[in-house]
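Taking it in order: structure first as C-alpha cells, then the write-up.
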Amino acid sequence: RYQKLQKIMKPCFGDLLSFTLTAFVELMDHGIVSWDTFSVAFIKKIASYVNKSAMDAAVLQRSLAILESMVLNSQDLYQKVAQEITIGQLIPHLQCADQDIQTYTVAVINALFLKAPEEKRQEMAHILAQKQLRSIILSNIIRSNQPINDEMAHQLYVLQVLTFNLLEDRMMTKMDPQDQAQRDIIFELRRIAFDVECDSNNSGSIEKRKSMYTRDYKKLGFINHVNPAVDFTQIPPGMLALDNMLYFAKHHQDAYIRMVLENSSREDKHECPFGRSSIELTKMLCEILRVGELPSENCHDFHPMFFTHDRSFEEFFCICIQLLNKTWKEMRATSEDFNKVMQVVREQIMRTLTHKPNSLDQFKSRLQNMSYTEILKIRQSERMNQEDFQSRPIVELREKIQPEIMELIKQQRLNRLCEGTCFKKTNNRRKPDKYWYCRLSPNHKVLHYGDLEESPQGEVPFDSLQDKLPVVEMKAVVTGKDCPHMKEKGALKQSKEWLELAFSVLYESDEYLNFMAPDKHEYCVWTDGLNALLGKEMTSEYTKADMDTLLSMEMKLRLLDLENIQIPEAPPPIPKEPSNYDFVYDCN
C-alpha cells in the first residue's frame, strides 16, 4: 500500500497531490511502517516541494509536516534531509501570510536543530542569531496583526529552549584554577574595574602585588579573595557566570565600573558582592529559562524579547544584575540578607516575564517599576486572598476583630443619626415639596422630628423639632413595599427607585413614621442606625462594604510584622509542668 501510494505521488499535482500527501501523513501516524524504509529519491521529491518558490499551500504544508516527522523519527533520515534542506531555504516560508505554513516551517527548523550533532548545532545557532532571521520571525510572526495560535506559540517556545540549551556546555564546565587562559578573564575584569590603580601599582614585590590583588578581588565581590577562580568550580553555573561577567564589563562598561566602585566604597556589611551575585544570578536565570532541559510538549511559554538580540541571554543577565544591585540598596541589605535579596530578585524577574515584554528595553522598563516596595505591596495583597489567609489562626483573628469593627460601624451610624437628615414629605397630591427633619438625641433614647418650610443648610436644633418618638416604643423597621406609605392607593405607580429609598418605623398603637431617603447612602445609614437601636443586625450593602474595607486594613496592620514568616496551622504545644514551683515569687 505504501509503495503504491508513493507511485501515485509521482504524476500527481494540485489537489490530488495535496490529498495524497495528507493520506500519507495519516497512514504514517499509525506507526505500522518504519520511516527508515523510504528511499533517497522519495526524500528528494518531498524536499523539492519545499524548495520550490511557488507551491500550492496545502502541498507545502504537508511536505513540511513529512520532513519534520522524518527528522524526528530517524537519525539516518535526518542526515539525508539535512543534505536537501537548509535553514536558508526555509526562511522564505516564514515570510508568507499563512500561519500554518509558518508553524510547520519553525517545526522543521526545531527538528533539524534538535537532531543536529553538537558542532552543527552551534553553526545553526549562529544562523538563527543573525539579524535577518530574527527580524523575519519578529515582523512576520510575533508582531504581525494575526494572533499567534497555540501550535505556533509552542514551536517558538521550543526554538527558544533549544537556543538557550546551547549554553549548557559552558554552564556545566568547571573552571580550572590552574588554567592561565581562564584566569586571564578574571584579570581582565580587574583591569577594567581598577585600570588606574593597576597602572600605578605595577612595580613592587610579589607579596605587595598579591596583597593588592586580594584587595581588588574582595572589592569585586568574590568569595575566595586569594584565588577567585575557585568560585567558578561550582556547576551550574560554571564558566557561564564568568562569560556573563566579562560581557557585562565589556559591553556595559560604565555600569560595570560604577557598580563595582559604588559597592567597594560602602561599609563591608552593606556592599553588594558583584562576583558572588553574578554567579548566583546566572544560576537563577538558567533555572528560570530551564537551560539544559528538553522542551515540554504542552508548553507555550515563549518570550518575544529573546528574539530581539543576538546575545539575548547575556543582555538579560546585564539587566538583571543591575536590578539586583538596585534591590540590594532598596532593601538596605547586608551580607546576611543575600539569600533574601535573591528571592526578591527572582520574584521581580518572574512577575515581569509574565507580562511578555516585546523587547529587552521594555523588560528593563517594567523592572524599574517592580521595586522592592511594590513587591511587598503585591505580596500583602496576595496574602489577603490566598489559602494561607484561610488558615485557622488567621480565621480566628478575623473572627475576633469582626465584632470590634461592627461596633465601630454601629457608632458611626448612630453618630450620623444624631446629626440628623432632611427628608421630603411623601404625598400623592400635586403640591409643592415640603420637608421634615429627623435626628436622634445624643443619649440615643429619643427621635426628634418636625416639619420645615424649606431644606435647611445645616443641622436643625432640637428645640425646633416639636415631635418626639421614644426609642423604647419602636417595634420594627420595614422597607420597600412593606412600608405603609408604599401600600397606599396610587403608591404602586411609584418608580422602583422610590421603593429602594422608602422605609418606615413602626411603633406602639400601630402608628408609623414614614421616610423617603434622599439617596441610597442616607437610606443605608438610617436603616442601619435604626436597626442598631432595636438591637438588630445591620444588613445594608454599605455595612458589608465598610466591614470588608476596615477588616482588610486592620488585618494588614496586625500581620505587618509577620512578613515572610510562616504562620503555623496549630498553636505550639503546652510544655510539661515543672517538677517544682520553687521559682515562684512569694508575695508575702
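Overview of values
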read-out	value
All positions within the stretch 1-28 that are modelled with pLDDT under 80 and either charged (D, E, K, R) or touching a Lys or Arg at 6+ places or on another chain (Cβ under 6 Å) (or both)	1, 4, 7, 10, 15
Tally, over the stretch 256-273, of residues that are part of a helix (DSSP H, G or I), of a type outside the set (A, V, I, L, M) and surrounded by fewer than 21 Cβ atoms within 10 Å (Cβ to Cβ)	7
Matching residues, the stretch 428-458, being open to solvent by 70 Å² or more (accessible area, probe 1.4 Å) and either at pLDDT below 85 or among the hydrophobic types (A, V, I, L, M, F, W, C) (or both)	428, 429, 430, 431, 432, 433, 434, 453, 454, 457
Positions within the stretch 36-60 being within 44 Å of the chain's Cα centre (by Cα) and open to solvent by less than 30 Å² (accessible area, probe 1.4 Å), in sequence order	47, 50, 59, 60
Selection within the stretch 218-250 - within 17 Å of residue 193 (Cβ to Cβ), open to solvent by 10 Å² or more (accessible area, probe 1.4 Å), part of a helix (DSSP H, G or I) and free of Cβ contacts under 8 Å to residues at least 60 places away in the same chain	218, 219, 231, 250
Subset of the stretch 481-513 (residues that are of a type in the set (Gly, Ala, Ser) and either modelled with pLDDT of 85 or more or in a strand (DSSP E or B) (or both))	502, 504
Residue that is open to solvent by less than 50 Å² (accessible area, probe 1.4 Å) and at pLDDT 85 or above, where the choices are 67, 72	67
Filter pass, residue 370 being more than 19 Å from residue 285 (Cβ to Cβ), open to solvent by less than 40 Å² (accessible area, probe 1.4 Å) and out of contact with any strand residue (DSSP E or B) (no Cβ under 7 Å at 6 or more places or on another chain)	no
Matching residues in the stretch 155-168 - criterion: being in contact with a helix residue (DSSP H, G or I) (Cβ under 8 Å, 6 or more places away or on another chain) and not β-branched (Val, Ile, Thr)	155, 156, 159, 160, 162, 164, 166, 167
Count of the stretch 540-588 residues which are over 30 Å from the mean Cα position of the chain (by Cα) and farther than 30 Å from residue 479 by Cα	19
Single match in 151, 168, 207 (criterion: within 21 Å of residue 285 (Cα to Cα), open to solvent by 40 Å² or more (accessible area, probe 1.4 Å) and assigned to a helix (DSSP H, G or I))	168
Number of the condition not met by residue 355 [criteria: (1) outside any helix (DSSP H, G or I); (2) at pLDDT below 90]	(2)
Those residues of the stretch 115-136 which are surrounded by fewer than 17 Cβ atoms within 10 Å (Cβ to Cβ) and at pLDDT 85 or above, in sequence order	117
Contacts under 8 angstrom Cβ, first residue in the stretch 537-551 being under 11 Å from residue 408 (Cβ atoms) and part of a helix (DSSP H, G or I), partner among the hydrophobic types (A, V, I, L, M, F, W, C) and open to solvent by 20 Å² or more (accessible area, probe 1.4 Å), 6 or more apart	547/406; 550/408
Among residues of the stretch 548-588, those that are of a type outside the set (A, V, I, L, M, F, W, C) and surrounded by 11 or more Cβ atoms within 10 Å (Cβ to Cβ), counted	6
Candidate set from the stretch 328-363 (those that are closer than 25 Å to residue 267 by Cα and touching a Ser or Thr at 6+ places or on another chain (Cβ under 7 Å)); member that is most open to solvent (accessible area, probe 1.4 Å)	330
Total residues in the stretch 182-204, condition assigned to a helix (DSSP H, G or I) and modelled with pLDDT under 85	6
Meets criteria (touching a helix residue (DSSP H, G or I) at 6+ places or on another chain (Cβ under 7 Å), closer than 30 Å to residue 15 by Cβ and among the polar types (S, T, N, Q)) for residue 51	yes
Of all residues in the stretch 274-327 being of a type in the set (S, T, N, Q) and surrounded by fewer than 17 Cβ atoms within 10 Å (Cβ to Cβ), the one that is nearest to residue 242 (Cα to Cα)	296
Test set (1) hydroxyl-bearing (Ser, Thr, Tyr); (2) open to solvent by less than 70 Å² (accessible area, probe 1.4 Å); (3) farther than 30 Å from residue 107 by Cα - residue 213 fails condition number	(2)
Number of positions in the stretch 336-384 that are closer than 26 Å to residue 552 by Cβ and among the β-branched types (Val, Ile, Thr)	5
The stretch 233-273: number of residues that are touching an Asp or Glu at 6+ places or on another chain (Cβ under 6 Å) and within 18 Å of residue 328 (Cα to Cα)	1
Some residue of the stretch 20-31 being in a loop (DSSP other than H, G, I, E, B), open to solvent by 10 Å² or more (accessible area, probe 1.4 Å), among the hydroxyl-bearing types (Ser, Thr, Tyr) and in contact with a helix residue (DSSP H, G or I) (Cβ under 9 Å, 6 or more places away or on another chain)	no
Any hit, the stretch 403-422, residues being in contact with a helix residue (DSSP H, G or I) (Cβ under 8 Å, 6 or more places away or on another chain), more than 30 Å from residue 319 (Cα to Cα), at pLDDT below 90 and surrounded by 14 or more Cβ atoms within 10 Å (Cβ to Cβ)	no
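The rows are residues; the columns are (1) of a type in the set (Lys, Arg); (2) modelled with pLDDT under 85; (3) more than 30 Å from residue 344 (Cβ to Cβ).
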residue	(1), (2), (3)
518	no, no, yes
536	yes, no, yes
546	no, no, yes
551	no, no, no
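The values are calculated or read from the model by the stated rules, or taken from the named source; none is laboratory data. Treat the numbers as computed from the prediction; the structure is a model and nothing was measured. Cβ atoms come from the backbone with ideal geometry, glycine included; neighbour counts cover every protein chain shown. To get the accessible areas, we keep the full protein, side chains included, count just its heavy atoms, and leave off ligands, DNA and RNA. Shrake-Rupley method; radii C 1.70, N 1.55, O 1.52, S 1.80 Å.
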